[in-house]
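First the structure, in the form of structure tokens, and then the observations on it.
The values are calculated or read from the model by the stated rules, or taken from the named source; none is laboratory data. All values derive from a computational prediction rather than experimental measurement. Note that each Cβ is placed from the backbone with ideal geometry, even for glycine, and that neighbours are counted across all protein chains shown.
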């Protein structure tokens, strides 16, 4: 064996071990960097969720997950906001006085929201935990009253909610939809799960 063959073998071995070491270093660095992001367990436990609401058009809904629950962000039209007044006499709890879910002070109003244009509620029926479906269009429809002003229908047992998530009288659902703690970081950013600035 010549010296040149031995040096070539050493060189190949050094390159191979160097590459393996570099790959191992990258593999070690990636998990380390990812430890700075909230874990799935932390998210499930209630870590706040930041949402970009700039793309929601009037009359549309965006669903995000917080604490393993669907949270609906509905951008109501001016007509939908105005129609909320027409429902008060038909609602079981128009002022959200019941205490099954603590309602934030900023949502103790007819629109149940910080900004009347936006509704932020947990999309789970207070009866048996079903998820109501959107029935935003006003007017007569199957399973809804003829004077329907828009809202949500829980298909499981027929509970109906208005566009503020307030339950109608004589329905199986005992309470309005839950309003989670939330705050606006800007006109286009919403933080769900926290409502106090640090």
Given (1) more than 25 Å from residue 149 (Cα to Cα); (2) surrounded by 10 or more Cβ atoms within 10 Å (Cβ to Cβ); (3) modelled with pLDDT of 55 or more, index of the condition residue 60 fails:
(1)
Hey, can you tell me all the residues within the range 63-77 that are outside any loop (DSSP other than H, G, I, E, B) and free of Cβ contacts under 8 Å to residues at least 24 places away in the same chain?
65
For residue 143, state whether it is touching a residue at least 24 places away in the same chain (Cβ under 8 Å), in the same structural domain as residue 69 (by TED's automatic domain parsing), assigned to a loop (DSSP other than H, G, I, E, B) and over 15 Å from the mean Cα position of the chain (by Cα).
no
Against the definition (farther than 20 Å from residue 64 by Cβ and surrounded by fewer than 18 Cβ atoms within 10 Å (Cβ to Cβ)), how does residue 186 come out, yes or no?
no
Please determine whether any residue of the range 83-97 is touching a helix residue (DSSP H, G or I) at 6+ places or on another chain (Cβ under 8 Å), part of a loop (DSSP other than H, G, I, E, B) and in the same structural domain as residue 174 (by TED's automatic domain parsing).
yes
Options 195, 187, 134: the member that is at pLDDT 90 or above and within 21 Å of the chain's Cα centre (by Cα)
187
If I ask for residues that are in contact with a strand residue (DSSP E or B) (Cβ under 6 Å, 6 or more places away or on another chain) and assigned to a loop (DSSP other than H, G, I, E, B), which ones from the range 172-187 would you list?
173, 176, 177, 178, 179, 180, 185
Limited to the range 151-171, what total is found for residues that are in contact with a strand residue (DSSP E or B) (Cβ under 7 Å, 6 or more places away or on another chain) and not in a strand (DSSP E or B)?
8
Is it true that residue 93 is at pLDDT 90 or above and surrounded by fewer than 18 Cβ atoms within 10 Å (Cβ to Cβ)?
no
Residue 158 passes all but one of (1) under 28 Å from residue 51 (Cα atoms); (2) over 18 Å from the mean Cα position of the chain (by Cα); which number fails?
(1)
Taking residue 115 as the residue in question, decide whether it is farther than 15 Å from residue 178 by Cα, assigned to a loop (DSSP other than H, G, I, E, B) and out of contact with any helix residue (DSSP H, G or I) (no Cβ under 7 Å at 6 or more places or on another chain).
yes
Looking at residue 43 and the list (1) at pLDDT 85 or above; (2) touching a strand residue (DSSP E or B) at 6+ places or on another chain (Cβ under 9 Å), which single condition is not satisfied?
(1)
In the range 65-82, anything buried (at least 18 other Cβ atoms within 10 Å of the Cβ) and either within 9 Å of the chain's Cα centre (by Cα) or closer than 22 Å to residue 194 by Cβ (or both) is listed as 66, 71, 72, 73, 74, 75
crowded, with 18+ Cβ neighbours inside 10 Å, in contact (Cβ under 8 Å) with a residue 12 or more places away in the chain and on the phi > 0 side of the Ramachandran plot: which single residue out of 158, 123, 151 fits that description?
151
